[in-house]
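Reading through the structure tokens given below for one structure.
The values are calculated or read from the model by the stated rules, or taken from the named source; none is laboratory data. As the structure is a prediction and not an experimental result, all values here were calculated from the model. FYI the Cβ positions are ideal-geometry reconstructions off the backbone, even for glycines, and counts take in every protein chain you see. Note: areas computed on protein heavy atoms with side chains; ligands, DNA, RNA excluded. Shrake-Rupley method; radii C 1.70, N 1.55, O 1.52, S 1.80 Å.
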Amino acid sequence: MSILGKYLIFLAKLFSNREKFRVYVKLSFEEAVQIGIGSLLIVSIVSFFLGAVTCVQTAANLNNPFVPHYIISFIVRDSTILEFAPTITGVVLAGKVGSNIAGELGTMRITEQIDALEVMGINSTSYLVLPKVVASIVVFPMLVTLAAFLSIYGGYLAGWLTGAISPQEYIQGIQYEFNAFNVPFALIKSVVFAILIVSISAFKGYFTSGGALEVGRASTAAVTNSCIAVLIADYLLAQLLVSA
């Protein structure tokens, strides 16, 4: 409970004694480029092959002749939009972005750069962390949207090249009984995951003490705690928004 309270106080400090608005705009753009461009390759590769594997394995397990082939792409579409694109992308970004943020802030802490900001009268929590949170809220939904597209397209290519499903049947399955709420649901997930991953990773890095060994431990703790938080939030959001 003490750690939870410390974390909540840390979040409250993000919005107190802030700098001028234009300062955060510049910093947020820089963080958005770093998070978005830096994560583009790994998200694209994981998403593409995840969709391809889902299509091939689904086709291999649908041996019943009474089940139409377009059900394969129907399953790929819903599993991708509802779960794979937001959640798997969140876990990947927890490892890529979370460890980077924790390592950066941890290094700044042990080299006393954060203390120097405080001496100059700058709210270091808001100055260093708030732009990262804002940038992640903007960039994460974009990455999740790209992941969903590449995953579905990966399934399309895998099904076509292996002969598991024809392109016409795949497109028919994508259009079959589409629930439009699945898209905003995935984007809501991405925003929540962005806040959790960045804030938890920043919290672990900001309160690092010691030397290089502790920075490594903080990065590891940031990744593991962020992944756990993403999975718990995934369940709670599904219970609140889908099951309700």
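Quick rundown of the values:
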item	result
Matching entry among Ile35, Ile3 (being part of a helix (DSSP H, G or I) and open to solvent by 100 Å² or more (accessible area, probe 1.4 Å))	Ile3
Residue that is in contact (Cβ under 8 Å) with a residue 24 or more places away in the chain, over 23 Å from Gly216 (Cβ atoms) and of a type in the set (Gly, Ala, Ser), where the choices are Ala102, Ala148	Ala148
Failed item in (1) open to solvent by 50 Å² or more (accessible area, probe 1.4 Å); (2) without any contact (Cβ under 8 Å) to a residue 24 or more places away in the chain; (3) not basic (Lys, Arg), with Val67 passing the rest	(1)
The lone exception for Asn61 - which of (1) surrounded by fewer than 22 Cβ atoms within 10 Å (Cβ to Cβ); (2) touching a residue at least 24 places away in the same chain (Cβ under 8 Å); (3) polar (S, T, N, Q) it fails	(2)
Filter result for the condition that a residue is over 30 Å from Ser2 (Cβ atoms) and buried (at least 17 other Cβ atoms within 10 Å of the Cβ), over Ser136, Ser190, Ser199	Ser190
Test: residue in region 70-87 that is at pLDDT below 85, in contact with a helix residue (DSSP H, G or I) (Cβ under 7 Å, 6 or more places away or on another chain) and more than 20 Å from Phe193 (Cβ to Cβ)	yes
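Here is a yes/no grid of residues against (1) surrounded by fewer than 19 Cβ atoms within 10 Å (Cβ to Cβ); (2) in a helix (DSSP H, G or I):
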residue	(1), (2)
Gly121	yes, no
Ala148	no, yes
Gln168	yes, yes
Phe178	yes, no
